[in-house]
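Engineer: Structure in structure tokens, see below.
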Amino acid sequence: MSARRRPALIHAVILSSFCTGFGLLLALTHQITAADIRLRAAEDLQNSLTQVIPPGLHDKNPAANIVTIPISEASRQVTVFRATKAGKVTAVAFELRGSGYGGEIRLMLGLDAEGRILGVRTLQHKETPGLGDKIDLIKSDWITRFTGLSLNSPPPDKWKVKKDGGQFDQFSGATITPRGVIGAIRGGLEFFKVHKARLMEAN
Amino acid sequence: MASDYKRIMQDGLWNNNGVFAMMLGMCPTMAMTTSATNGLGMGLATAVVMTASSLLVASFRGWISQEVRIPVFILIVAAMVTLVDLAMNAWMHELYKVLGLFIALIVANCLPLARLEAFAAKEPIFPSLVDGLFMGIGFALALTIIGAVREIVGSGTLFADASLLLGPGFKFMEMRILPPDTGILIAILPPGGFLATGLLLAGKRLLDIRAGKAIVMTGAHSVG
């Protein structure tokens, strides 16, 4: 009886020792790297914020001034970073999610107190390299064309790619990607309009 | 002894190449070869994981019993991938932003597992290390070549953005082969992956037949 069961037990011991050993190794690696990874994530956030909010607009770090606004239909929250100067909110930045050809596109949108675009940057995307990835500033300056625009300039029905009757150029070979980006930016502008009062409250 | 190592190296690079002879790891091969730079990045990350896991499996081969070897191999590959992922995120963050997407995909690659099963589980530490390294380099070469073909035909460039992956010193590698907007789009879309891989595979077979080599598709040989 015990002779028949013993081999199975040995294999279980071997497998669980390997699991325990490598589990410990990974836990240790996580311990060592966790602080650095948090620091890198904070640096990334800081970098994307400085790109969409010019430093002249604030005297306090916008990464530290946060308001969260729940969006009921998506059951998630939008974290809004606010730039303040002399106690007044001068600019806000928040993350947008658009849907592209290869999945979700994450963008950072910066707006001034009137809702004009200070800057948009692509944070993360999975678009086709060489085609849809022109939304990334490293590859092309396409994304900078939105700076200075707002919900009424161009009018709301022109916030589309040319193919859909709007005023923005798609890039050759890709329509779905710019369509996703422009839709997300427009959504962000509408979000600002709806929640403007709450976002501009100084605290 | 020396000729055995030479054979391990030749097998990894050409005769028994992971992509062009064994046809393993097709998922990352198709997904990551839209440009030569992407192929190279994926290949290098895979080579690191393969070398480390071959070394580990060969070191522990006396303790891993036949019945549980596959879960242990997968555990070791997954642990190495996670370790590389965490370490790069913390200390090589710029490179991680470019390669991060590729790294998690290595777990889904059957080539490392196949080499552990066919080679490292049976052979001593040093030959296993050489096998893992050269199979990895062979994989990286294959992905870079497929990526180069797809990129030239599809985008008209070669090694575009290589400086983002390898550092600013590699700016010279970035070339434009064809005038802008003349690329044939299908080459960088999924069907282009199958077309390019199939044509290159046929090309390798032709070279092998010309050289009078028998076409060997599988199997690892022993050392010593």
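The values are calculated or read from the model by the stated rules, or taken from the named source; none is laboratory data. Keep in mind that this is a model prediction, so the values were computed, not measured. Positions of Cβ are backbone-derived with ideal geometry, glycine not excepted, and every protein chain shown enters the neighbour counts.
Engineer: It is to be established whether one or more residues within region A:164-175 are part of a strand (DSSP E or B), surrounded by fewer than 21 Cβ atoms within 10 Å (Cβ to Cβ) and in contact (Cβ under 8 Å) with a residue 12 or more places away in the chain.
Structural biologist: Of the residues in region A:164-175, the ones part of a strand (DSSP E or B) are A:168, A:171, A:174.
This time we only want the ones that are surrounded by fewer than 21 Cβ atoms within 10 Å (Cβ to Cβ), so: A:171.
Going one step further and asking which of them are in contact (Cβ under 8 Å) with a residue 12 or more places away in the chain, we end up with A:171.
Looking for residues that are part of a strand (DSSP E or B), surrounded by fewer than 21 Cβ atoms within 10 Å (Cβ to Cβ) and in contact (Cβ under 8 Å) with a residue 12 or more places away in the chain, one finds at least one in region A:164-175, hence yes.
Engineer: Would you mind finding the one in A:T33, A:T29, A:T20, A:T79 that is among the polar types (S, T, N, Q), within 11 Å of chain B (Cβ to nearest Cβ) and in contact with a Ser or Thr (Cβ under 9 Å, 6 or more places away or on another chain)? It would help to see each step written out before you state the result.
Structural biologist: Values: A:T33 fails: in contact with a Ser or Thr (Cβ under 9 Å, 6 or more places away or on another chain); A:T20 fails: in contact with a Ser or Thr (Cβ under 9 Å, 6 or more places away or on another chain); A:T79 fails: within 11 Å of chain B (Cβ to nearest Cβ).
Among A:T33, A:T29, A:T20, A:T79, only A:T29 is among the polar types (S, T, N, Q), within 11 Å of chain B (Cβ to nearest Cβ) and in contact with a Ser or Thr (Cβ under 9 Å, 6 or more places away or on another chain).
Engineer: In this structure, does B:A2 turn out to be modelled with pLDDT of 90 or more and among the small types (G, A, S)? Steps first, please.
Structural biologist: Numbers: modelled with pLDDT of 90 or more: no; among the small types (G, A, S): yes.
No.
Engineer: Any idea which of A:A12, A:A35, A:A42 is farther than 29 Å from B:M88 by Cβ and among the aliphatic types (A, V, I, L, M)?
Structural biologist: Just a single option satisfies the conditions, and that option is A:A12.
Engineer: Residues of region A:43-87 being in a strand (DSSP E or B), of a type in the set (A, V, I, L, M) and surrounded by fewer than 20 Cβ atoms within 10 Å (Cβ to Cβ), which ones?
Structural biologist: Within region A:43-87, the subset in a strand (DSSP E or B) is A:66-71, A:76-85.
The next check asks that each one be of a type in the set (A, V, I, L, M); those that pass are A:66-67, A:69, A:71, A:78, A:80, A:83.
Hits for region A:43-87 are A:I66, A:V67, A:I69, A:I71, A:V78.
Engineer: Still on this structure: Mind listing just one residue for me: the one in region B:77-94 that is at the interface with chain A (Cβ under 7 Å from one of its Cβ atoms) and in contact with a helix residue (DSSP H, G or I) (Cβ under 6 Å, 6 or more places away or on another chain) and, of those, nearest to B:S59 (Cα to Cα)? Explain how you work it out, then say what you get.
Structural biologist: Pass one, region B:77-94, residues at the interface with chain A (Cβ under 7 Å from one of its Cβ atoms): B:79, B:82-83, B:86-87, B:89-91, B:93.
With in contact with a helix residue (DSSP H, G or I) (Cβ under 6 Å, 6 or more places away or on another chain) added as a condition, the list becomes B:79, B:82-83, B:86, B:89-90, B:93.
On the way: B:A79: 16, B:T82: 20, B:L83: 18, B:L86: 24, B:N89: 28, B:A90: 28, B:H93: 31 Å.
Here the answer is B:A79.
Engineer: What is the residue count in region B:11-54 for residues that are over 9 Å from the mean Cα position of the chain (by Cα), in a helix (DSSP H, G or I), more than 19 Å from B:L113 (Cβ to Cβ) and of a type outside the set (V, I, T)?
Structural biologist: 6
Engineer: Specify the residue that is modelled with the lowest pLDDT; the eligible residues are those in region A:88-124 that are surrounded by fewer than 22 Cβ atoms within 10 Å (Cβ to Cβ) and not in a strand (DSSP E or B).
Structural biologist: Among those residues, the one meeting the criterion is A:G102.
Engineer: Still on this structure, please answer the following. Out of B:G156, B:G147, B:G100, report the one residue that is within 12 Å of chain A (Cβ to nearest Cβ), touching a residue at least 24 places away in the same chain (Cβ under 8 Å), within 28 Å of A:Q124 (Cβ to Cβ) and under 18 Å from the mean Cα position of the chain (by Cα). Write out each step before concluding.
Structural biologist: Details: B:G156 fails: under 18 Å from the mean Cα position of the chain (by Cα); B:G100 fails: touching a residue at least 24 places away in the same chain (Cβ under 8 Å).
On inspection, the qualifying residue turns out to be B:G147.
Engineer: Another question about this same structure. From (1) out of contact with any strand residue (DSSP E or B) (no Cβ under 7 Å at 6 or more places or on another chain); (2) assigned to a helix (DSSP H, G or I), pick out the condition that doesn't hold for B:I64.
Structural biologist: (2)
Engineer: Further question: On the basis of being loosely packed, with under 13 Cβ neighbours inside 10 Å, more than 21 Å from the chain's Cα centre (by Cα), among the acidic types (D, E) and within 14 Å of chain B (Cβ to nearest Cβ), does A:D157 make the cut? Walk me through how you get there before you give the answer.
Structural biologist: On the way: loosely packed, with under 13 Cβ neighbours inside 10 Å: yes; more than 21 Å from the chain's Cα centre (by Cα): yes; among the acidic types (D, E): yes; within 14 Å of chain B (Cβ to nearest Cβ): no.
Considered against the rule, which asks whether it is loosely packed, with under 13 Cβ neighbours inside 10 Å, more than 21 Å from the chain's Cα centre (by Cα), among the acidic types (D, E) and within 14 Å of chain B (Cβ to nearest Cβ), A:D157 comes out as no.
Engineer: While we're on this one: Given B:G169, B:G193, B:G138, which one is within 27 Å of A:I138 (Cα to Cα) and surrounded by 15 or more Cβ atoms within 10 Å (Cβ to Cβ)? Walk me through it before giving the result.
Structural biologist: Values: B:G169 fails: surrounded by 15 or more Cβ atoms within 10 Å (Cβ to Cβ); B:G138 fails: within 27 Å of A:I138 (Cα to Cα).
Among B:G169, B:G193, B:G138, only B:G193 is within 27 Å of A:I138 (Cα to Cα) and surrounded by 15 or more Cβ atoms within 10 Å (Cβ to Cβ).
Engineer: Any idea which residue in region B:112-133 is farthest from the other protein chains (Cβ to nearest Cβ), counting only those that are surrounded by fewer than 24 Cβ atoms within 10 Å (Cβ to Cβ) and within 13 Å of B:A47 (Cα to Cα)?
Structural biologist: Filtering first and then ranking leaves B:V130.
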